[in-house]
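Engineer: Got a structure here, written out as structure tokens. Questions coming.
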Amino acid sequence: MPRYISDVKAWSMGDVVAGVTVAVTSLPQYIAYAELAQLSGFRGIVASGPPLVAFAFLTGNPCLNIGVTSITALMATADLKGGEYRDAYGEAAWSQILGTYSMMIGVASLALALLNAGSLVKHIPAPVKAGWKLGFALAACAAQMPNSAFEHAKNLKKICQLPNFRGAPLQSGAANMYRLAWSLTHPHFWDAEAVAFSAMTLFIVMYFKSPLKVIVASALGAGISYLRSYSGDVVGRPPPGSELRITGELGADLTSWVHQWPWEMPLDETVNRLGGWPLAVMSAVAFAFVDYLAIISVEAERPAPGGSRPNREMAGQGLGCIASGMGGSAPIGGSLTRSMLAGMIGCLATLRCGEVRSEENGEMPRSFFSDPWHGN
């Protein structure tokens, strides 16, 4: 990146190539994770860029990549009972509630960073981190199972009857885990074509080393489904009027992605959805802490030059969540796959206006802004 933003000659070609490649290969993930958050796939693309830009101004790790992940989408949807709310009030209203919650988590992350809470994360025992990863891996698998094994995701809910617990059917995460176990033990209900698409995609993503493997898998699946006139669930076209249009007015174009400004957000309704202010604050703070574990996990694989600065990364998480909330999307978190890809391709530098410092001379890059968390 440039010594000054306008100094194009100082840009690293590795950063440019990595940025373009990660953006292109992440498109299927943006769509999939938006759908996990009970939103239409197009919303995942519209709200993907601004959180990344906001995070870039504070992060000290050149490879660290953030965005809506399966973990953040599932956690936020579970906290707010998103499926029920969307069915009752529609997707537009649900997007506003979800975005408000993202903003609350962002504010909590900024507050925790100012209180030096990021440094506490290093004291978390390794088995706790391992259990966290395993738990959310299972949750993501359970959330994807209806689309992976059944032609229509709603078919699973029709044929799998939930048992009663304390006089009512299982709810939320417990219901998802029961459906996962039921699906794995009833393979004769699976749809062959849906399973074939899932197996093909999994094979390509796991065993091919090319950075473009996600795009290859998506393009191949889309091409085969088109040729075979696949009748199952598809992403579909964005609704009319959802596209971002260039009008020529700088202010309008730069803010065309905004779904709701902070002062327009339904804060009271979101707080009531979470059970009142005390529980809402606790939920936002807990989410911010758990969400930050994803960044810690990524940095364990791709350490920042000169070492990590926890509070600065947590503050960056806060800015990213606020931007995502303004876009009407779920909270953001650290993405291991996107970060590893950026490092593999050659991402080297962070966004900054001060003197360019590199890993070779052992110095930590400086933030674009003055660094209030210096030394943490």
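The values are calculated or read from the model by the stated rules, or taken from the named source; none is laboratory data. This structure is a prediction, so every number in the text was calculated from the model and none was measured. Virtual Cβ from ideal backbone geometry, glycine too; neighbours counted across all protein chains shown. SASA here: full protein model, heavy atoms, side chains in, ligands and nucleic acids out. Shrake-Rupley method; radii C 1.70, N 1.55, O 1.52, S 1.80 Å.
Engineer: Looking only at segment 318-356, which residues are open to solvent by 10 Å² or more (accessible area, probe 1.4 Å), of a type in the set (Val, Ile, Thr) and modelled with pLDDT under 80?
Structural biologist: Thr337, Ile345, Val356
Engineer: Sticking with this one: With respect to the numbered conditions (1) out of contact with any Leu (no Cβ under 8 Å at 6 or more places or on another chain); (2) open to solvent by less than 80 Å² (accessible area, probe 1.4 Å), which one is the sole condition not fulfilled by Arg237?
Structural biologist: Every condition holds for Arg237 apart from (2).
Engineer: Could you list, in sequence order, all residues of segment 143-175 that are in a helix (DSSP H, G or I), in contact with a helix residue (DSSP H, G or I) (Cβ under 8 Å, 6 or more places away or on another chain), at pLDDT 85 or above and surrounded by 17 or more Cβ atoms within 10 Å (Cβ to Cβ)?
Structural biologist: Correct list: Met145, Pro146, Asn147, Ser148, Ala149, Asn155, Leu156.
Engineer: Next question, about the same structure. Scan segment 154-169 and give yes if some residue there is closer than 23 Å to Thr69 by Cα and in contact (Cβ under 8 Å) with a residue 12 or more places away in the chain, otherwise no.
Structural biologist: No, segment 154-169 has no match at all.
Engineer: May I ask you to list the residues in segment 170-216 that are within 20 Å of Ser26 (Cβ to Cβ), touching a residue at least 40 places away in the same chain (Cβ under 8 Å) and among the hydrophobic types (A, V, I, L, M, F, W, C)?
Structural biologist: Leu212, Val214, Ile215
Engineer: For segment 294-341, which residues satisfy the criterion of being within 23 Å of Thr100 (Cβ to Cβ), hydrophobic (A, V, I, L, M, F, W, C) and part of a helix (DSSP H, G or I)?
Structural biologist: Those that are within 23 Å of Thr100 (Cβ to Cβ), hydrophobic (A, V, I, L, M, F, W, C) and part of a helix (DSSP H, G or I): Ala294, Ile295, Met314, Ala315, Leu319, Cys321, Ile322, Ala323, Met326.
Engineer: Next question, about the same structure. Residues in segment 95-102: is at least one closer than 22 Å to Gly328 by Cα, in contact (Cβ under 8 Å) with a residue 24 or more places away in the chain and aliphatic (A, V, I, L, M)?
Structural biologist: Yes: segment 95-102 contains one or more residues that are closer than 22 Å to Gly328 by Cα, in contact (Cβ under 8 Å) with a residue 24 or more places away in the chain and aliphatic (A, V, I, L, M).
Engineer: Further question on the same structure: Just for segment 69-90: of the residues that are surrounded by fewer than 16 Cβ atoms within 10 Å (Cβ to Cβ) and either among the acidic types (Asp, Glu) or in contact with a strand residue (DSSP E or B) (Cβ under 6 Å, 6 or more places away or on another chain) (or both), which one is farthest from Leu138 (Cα to Cα)?
Structural biologist: Filtering first and then ranking leaves Asp87.
Engineer: Moving on to the next point. Name the single residue that is least open to solvent (accessible area, probe 1.4 Å) among those in segment 119-138 being at pLDDT 75 or above, among the aliphatic types (A, V, I, L, M) and over 17 Å from Leu336 (Cα atoms).
Structural biologist: Ile124
Engineer: Among Gly223, Gly232, which is the only one that is over 21 Å from the mean Cα position of the chain (by Cα), open to solvent by 20 Å² or more (accessible area, probe 1.4 Å) and under 30 Å from Lys154 (Cα atoms)? Please lay out each step first, then the result.
Structural biologist: On the way: Gly232 fails: open to solvent by 20 Å² or more (accessible area, probe 1.4 Å).
That would be Gly223, the only listed residue that is over 21 Å from the mean Cα position of the chain (by Cα), open to solvent by 20 Å² or more (accessible area, probe 1.4 Å) and under 30 Å from Lys154 (Cα atoms).
Engineer: Quick one: in segment 214-255, of everything that is among the charged types (D, E, K, R) and under 22 Å from Val20 (Cβ atoms), which residue is modelled with the lowest pLDDT?
Structural biologist: Glu243
Engineer: So, Ala252, is that one in a helix (DSSP H, G or I) and surrounded by 15 or more Cβ atoms within 10 Å (Cβ to Cβ) or not?
Structural biologist: no
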